[in-house]
1. Under 8 Å between Cβ atoms, at least 6 apart or on separate chains: pull out the pairs that start in the range 541-557 with a residue that is farther than 15 Å from LYS509 by Cβ and of a type in the set (Gly, Ala, Ser) and end on any residue that is outside any helix (DSSP H, G or I) and at pLDDT 75 or above.
2. Is the range 147-161 home to any residue that is of a type outside the set (A, V, I, L, M) and over 28 Å from GLN187 (Cα atoms)?
3. If we only count helices (runs of 4 or more DSSP H) wholly inside the range 351-464, which ones have 3 or more residues that are modelled with pLDDT of 85 or more and among the polar types (S, T, N, Q)?
4. If you check ASN287, ASN309, which single one turns out to be in a helix (DSSP H, G or I), out of contact with any Asp or Glu (no Cβ under 6 Å at 6 or more places or on another chain) and open to solvent by 80 Å² or more (accessible area, probe 1.4 Å)?
5. Out of all the residues in the range 203-232, which are part of a helix (DSSP H, G or I), surrounded by fewer than 21 Cβ atoms within 10 Å (Cβ to Cβ) and under 37 Å from the mean Cα position of the chain (by Cα)?
6. Of all the residues that make up the range 234-253, how many are over 35 Å from the mean Cα position of the chain (by Cα) and open to solvent by less than 60 Å² (accessible area, probe 1.4 Å)?
7. For residues in the range 370-385 being exposed (fewer than 15 other Cβ atoms within 10 Å of the Cβ) and of a type outside the set (Ser, Thr, Tyr), which is farthest from the chain's Cα centre (by Cα)?
8. Please find, within the range 354-369, the residue that is least open to solvent (accessible area, probe 1.4 Å) out of those that are closer than 9 Å to SER324 by Cα and more than 20 Å from the chain's Cα centre (by Cα).
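The values are calculated or read from the model by the stated rules, or taken from the named source; none is laboratory data. The structure displayed is predicted, hence computed values, not measured ones. Cβ: placed from backbone, ideal geometry, glycine included. Neighbour counts: every protein chain shown. Heavy atoms of the whole protein, side chains included, go into the accessibility calculation; ligands, DNA and RNA do not. Shrake-Rupley method; radii C 1.70, N 1.55, O 1.52, S 1.80 Å.
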Amino acid sequence: MFHLSQMDQIFLKSLADVVRTSRTTSQYDKLTFTTQTIADIKNEISSRQESVRYQALLKLFFLAMEGNNIRWAEFQIINLMGSADFQLKLGAQLAAHLVIDNQSQGLIMVTNVFQKEFKNGHIECSTTLSCLGTIANKDLSDSLLTHVLKLTTNTKPLIRKKAIAVLSKIFTINPLNIPGNLEMVIQQLQKETNISVLACGISLFCSVMKVAPKLYPLFLSIVYDQISKQKSNWLLIKLVRISNKLIALEPRFQGKLIEHYSRLLNQTNSKSLQYELIYSIMKYFKNHSQLYESAGDILKQFLNHQDPNLRCLGLECLTHISTSAGLMEFQEQILESFKKSDYFSKLQILQLFKDFTNQQNFQTVIEFFLKYSDLESNHKIIESLIHIITKDKFINVDDPEKLLLMYIPIIAQKIDTIDNAMRFKEMLFELLTRVPGLKVYSDQLCNQILQTYATQSDTLQGPTLNIVQRHTQLKYSLNHREIIFKSLIMIVGESVKLLKLEALINIIKFLEQLNILNCYESSLSDIDSLLFKIYIQIIKIDSQNEIIPQIEQLIKNIYNKLHNISIVKISFFYESLINNKQKDQLDQLFTLYEEDLPPINLEAQKLIKPPESLNITQSFQIDIEEIEKIKNSNNEQIEQKPIVQQIVQVEQNQNDQEDQNIQIQKQDENEEELKVLNNKVDSIPKKVFTINRDEELPPGVNQNDINQSKEDE
């Protein structure tokens, strides 16, 4: 370290002084401070005292860290790179990348400095190679390639290693330098015994294969030789990795490695090397049964290991098994590993089964994950189970009835997020659509799921989705349970015709038990529709049934809670029908109901904006007189409709006739304009040619001239 003289310590601002002043300077005085500091540095960096220049170099680093441009100091830094003092030289080499690039004017000076430094001791040579690896560009690479190649034969392993690392950068920048020079490097590496130098050589091969993959045959021999004789686990890992790339380019290389892979797999105790070997075998050696089985046995040990990192590595290897049958071989170990895995390992296992579950292991997988789901990973497990069930249109499901009545109710009870509730809803609708016969079990399905929702105070607890009705601005929360509840109510409503009288009565009794007016306020319109469908169906079957008054009372209670205007209109019709119970109305309704019209999408109706003139805040009252007026006006319009249609038809005919006349007139005008072109006069021979387009043209007349003349006209 430099020691400043007493006078220097008095007048020279050190790096600490500059940093301290910069932090205390206001934003408005920052420019003045920076300008003054740069002026001081320019004077100090030209000083003859090495301690002063070193302080100037440190302050340059600080200015660069503050975001200032220090390209003006390019020549000063290059000059310091050739300094006799090692500390100044090292500092300048570290700062070189801040001022030197492809557009630098001092590249020739840099080349000369590097050539001189390569001839110095191994410490200076080492730092110079590091600097070259940082600032190397096409010009520097071409100029210094020969000198770097000579350093690959240096007696110091550190120099040889850094020289090969710099060659990797040079070959990547300009691949034209590879031919001829790469062979020299390979010959030198074949004689090399130092592990670190060989590891750099493998990295060099990987870099060359990225820019020139067709040169891979040059690496086959040296890679094979090193795998057969190397004992360093660190180097063997790099050799296995580059072998994977070579196998992808040359499949025949695979057969050469079987013996050595088998030897390494059974002899090594290094878990990292075993992992690389298993990874390679699972991906590239699937056709070699003996080697594949040996790797599978070690992989099972990874999956059952106490170390979570090894279990994670084992799961990573399993991702390269391309068939469900191959994964089922490890299914027992995977499921056992799931019980003691952390959250991220569980996600890996779930992804494996999402990809490879089939009809053979479908039941085992579903039952296992439903049994061992926990609070942390429950939402991911449910998401994965829904994906497994719905995969490729339920291709894994061979017993839809069991799925509907056994597994789906359990899944519904474990759902705790809105996203999974929406996925569950889509799965349920798609399943009932693809297997129509399942609708007869809708009452049993709803009974199993909704029993857990009945009269529970926490029905609306948990994450919620806030909904605002556009007509009323009433806010209510829609959580995962309410989404499932609405879905089940809709399914039962669509299946009413298929249910027996006893099932319909049980549904009504069940709804009476639920605190539906308070707990499921956002589902009242769906419940209203369901009750009305059940009401009509029960009247058809048994008009004197004692459950009918209870249904009527439920419907009336719901009317008092509804606020949506469109729903109130429908509910008013329902209520008038219930109060009157006229036979002719019921007959008409039976006929309408038998047509099985699609239900009105109430959710879509909510998105329709009301007319601007409508005051939504006022209470809605039905004006019978106004309705009669609208009805009479509609009747008048219907009566006048044939007359209006006749008038419109007459006007249309007149317009068509006018258009036809205009078209004929335009054709006549065009024919008059074309008459001039039918008689073309040649001024030189003084002859007139009558052009007949059905015969060949006379000599001297070109069809292109005629076409051009038409375009000019």
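1. Note: no pairs meet the criteria.
2. Our first condition is that a residue be of a type outside the set (A, V, I, L, M); within the range 147-161, this holds for 147, 150, 152-157, 160-161.
Within this subset, residues satisfying the condition of being over 28 Å from GLN187 (Cα atoms) are none.
Looking through the range 147-161, none of the residues is of a type outside the set (A, V, I, L, M) and over 28 Å from GLN187 (Cα atoms).
3. Values: elements: 362-371, 378-390, 408-414, 418-434, 442-450.
It comes to 378-390.
4. On the way: ASN287 fails: in a helix (DSSP H, G or I).
Result: ASN309 is the single residue among ASN287, ASN309 that is in a helix (DSSP H, G or I), out of contact with any Asp or Glu (no Cβ under 6 Å at 6 or more places or on another chain) and open to solvent by 80 Å² or more (accessible area, probe 1.4 Å).
5. SER203, CYS206, SER207, MET209, LYS210, VAL211, PRO213, LYS214, LEU215
6. 3
7. If we filter the range 370-385 for residues that are exposed (fewer than 15 other Cβ atoms within 10 Å of the Cβ), which is where we start, we get 371-372, 374-376.
Okay, now just the ones that are also of a type outside the set (Ser, Thr, Tyr), so 371, 374-376.
Values: LYS371: 31, ASP374: 27, LEU375: 26, GLU376: 23 Å.
Here the answer is LYS371.
8. First, the residues of the range 354-369 that are closer than 9 Å to SER324 by Cα: 355-358.
Next cut, more than 20 Å from the chain's Cα centre (by Cα) only: 356-358.
Values: PHE356: 28, THR357: 7, ASN358: 30 Å².
In this case the residue turns out to be THR357.
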